[in-house]
1. In region 358-418, how does Rg compare with the Kirkwood Rh, expressed as the Rg/Rh ratio over alpha carbon atoms?
2. Provide the descending list of Cα extents for region 423-506 along its principal axes, expressed in whole angstroms.
3. Enter the accessible area per residue of the chain (Å², integer; probe 1.4 Å; all protein chains in place).
4. May I ask what percent, to the nearest 5, of DSSP beta bridges between residues of region 143-383 are antiparallel?
5. Taking every pair of alpha-carbon atoms in region 143-383, give the share separated by more than 22 Å as a whole percent.
6. Hey, if you put +1 on the Cβ of every Lys and Arg and -1 on every Asp and Glu Cβ in the chain, which of N91, F15, G413 ends up farthest toward the positive end of that dipole?
7. Given the chain, what percent of its DSSP beta bridges are antiparallel, to the nearest 5?
8. Name the residue farthest towards the positive end of the dipole of the chain from the options T30, H359, H219, assuming +1 on Cβ of Lys and Arg, -1 on Cβ of Asp and Glu, about the Cα centre.
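The values are calculated or read from the model by the stated rules, or taken from the named source; none is laboratory data. Source: prediction; values computed, not measured. For neighbour counting, all protein chains shown are included, and Cβ atoms are generated from backbone atoms with ideal geometry for every residue, glycine included. Ligands, DNA and RNA are excluded from the accessible area calculation, which covers all protein heavy atoms including side chains. Shrake-Rupley method; radii C 1.70, N 1.55, O 1.52, S 1.80 Å.
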Amino acid sequence: VNHIVHNGGLYKRPFNEAFEETPMLVAVLTYVGYGVLTVFGYLRDFMRQWKIEKCQNATEREEQKDFVPLYQDFENFYNRNLYMRIRDSWNRPICSVPGAKVDMMERVSHDYNWTFTYTGRVIKDIINMGSYNYLGFAQNVGACQEAAAKVLSQYGAGVCSTRQEMGNLDKHEELEKLVARFLGVESAMAYGMGFATNSMNIPALVGKGCLILSDELNHASLVLGARLSGATIRIFKHNNMQSLEKLLKDAIVHGQPRTRRPWKKILILVEGIYSMEGSIVRLPEVIALKKKYKSYLYLDEAHSIGALGPSGRGVVEYFGLNPEDVDVMMGTFTKSFGAAGGYIGGKKELIDYLRTYSHSAVYATSMSPPVVEQIITSVKCIMGEDGTTIGRARVQQLAENTRYFRRRLKEMGFIIYGNEDSPVVPLMLYMPAKIGAFGREMLKRNIGVVVVGFPATPIIESRARFCLSAAHTKEMLDTALKEINEVGDLLQLKYSRRRLVPLLDRPFDETTYEETED
C-alpha cells in the first residue's frame, strides 16, 4: 500500500512516505523485555554494592564520599546494565577505507563487554552497509585520492591558523565559489566540522526574543545550536505540517510570552533526510508556510546533498524548487563527498555576516588542504566539470540501489521506515535482545550493519539502519539481502502486516513548550 501526496499542486512528483504501525504484541513484548532487563539491572547493582559481584564501572573514590558527587551513579544505570550487554555491536575498529567493503579487526571480550582484547586477526571483505558513503567517494584510488595527495605534498596537512588570520588559502576560496555554484546560491562558506556548522552558526543567527520552530527528530547539532542561541524553542511533530502551521499561527497571534511583543525573528529548523527515520522533509509545504507567515528557513542537508536530485544537488533539486526560497542552506562534506567539514550557503549578505560573527569562522582552525581538495575534486566530478559522466552515473546508481533494496526488504516482510527515495533504510527490530543478536549474526555472515536502540530512538522502536552507496554492486546487495532474509527468519523479525500509517494522518499532540523563555 503506497501513500502518494499531492498537496495543492505543491509537489511536482509523487511523494511516497509511510510508516507501518508497530504490532501490539511486539510493543508489549518490547516493554516486557526492557522491564526484565531493568529488574535484573537493579539486582546486579545490589550485588555490586555488597561486593557479591565485581564492580567495573566508574564510581566515586572512598575519600570523596562527602563531596557533592561529580559522577552520578544512577545516571549510568542504562549503560551499566543494558548497553554493556550489547556493547560489542558498536565501536568496531575497521582498518581499511570505508568503501563498499571494509576490513575489520577481530576483538573478543572475556568479561561480558567491559573490556576487549584484539586477537590480531583481520576479518576481510565485510560488505559495508553502515557508512554514509552515498556516492562512493570514500576510496584510496582514483582522481580524488591523487588530487588530495598532490595538494598534501604542496600545502601540508594542517593550516595552524584561523581563516581571519593566516589560514585563508586559495583552495578555501576556490572551494566556496564552487559550492555556491553547485548549490545555485550567491555565496557559501566552508567550515572544518559538520556538527559545529550547526551548533556554532545558529547562535549567530538568532538570540533572545527570537523563536525557533524545530522538528522533533532534528539532529543533536541543531538541538545544541538552538539551545546555545538563547532563543525560545518550540517543537513540531515530525514532518507534520498541521503541527508546524499551528505553531506559526500561535507565534504570530500571541507573540512573546508575558510581554506579547512580536517575535524578532521566527526560524524554522528542518533536515533534508532524517538519518534515523529515512524520511525526506516536506519541503514544498514548509516553504509555502514560511512564505505565508513571513518566517525564515534553515535547511540541514547533511544526508541529502549529493544523495538526492537528478544531479545530486539535494532535496531542493529533488522537489524542483528554487534555492533562493531557502534562507540558510547548510550541509556537510562528510557523507556524499567522502571528506570532512560543512558549509552554509545563501545570500551574500548572510555569508558576509557569518564570516564576522560565526564562532566557527572566527575561532576554529581552517580546513586541512587535502580535505579541501577531496571536496573540490568530488564536487567537480558530480557536476561533470572533470570531463566525465562518472558523477552523474553515481547519483543515478545510488537512486537505483535505494529503490531496489527498499523494495526487496518490504517484499520479504520487514517493517521499513522512510521515503522510497531515501538511501537511509531503517529496518525495525523493536526488542532489546534482538539489537545485539542482529548485529552479531550479520557480522558472522560478513555483513557490517549499524544497530540503534534507546535512547537514540524511542524505547519500542529499536532498529538496524542500512546506508546505501553508489559503490554497492547488485551482487553485493543481493548477498546482503539473502543474509538479511536468513537472519530475519532466524530472529523472527518479519513483523510487517502491510498496514501503513501515512505520516500526515499520524496523531499529534498540539501542545507546545519553550525550552527557554524571555
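1. Values: Rg = 18.6 Å, Rh = 15.0 Å.
Using Cα coordinates only, the ratio equals 1.24.
2. 38, 28, 24
3. On the way: 23670 Å² over 518 residues.
Heavy-atom accessible area per residue stands at 46 Å².
4. Working: 11 of 28 bridges.
The answer is about 40 percent antiparallel.
5. Numbers: 14932 of 28920 pairs.
When all Cα pairs of region 143-383 are counted, 52 percent exceed 22 Å.
6. G413
7. Details: 33 of 52 bridges.
Here the share of antiparallel DSSP bridges comes out near 65 percent.
8. T30
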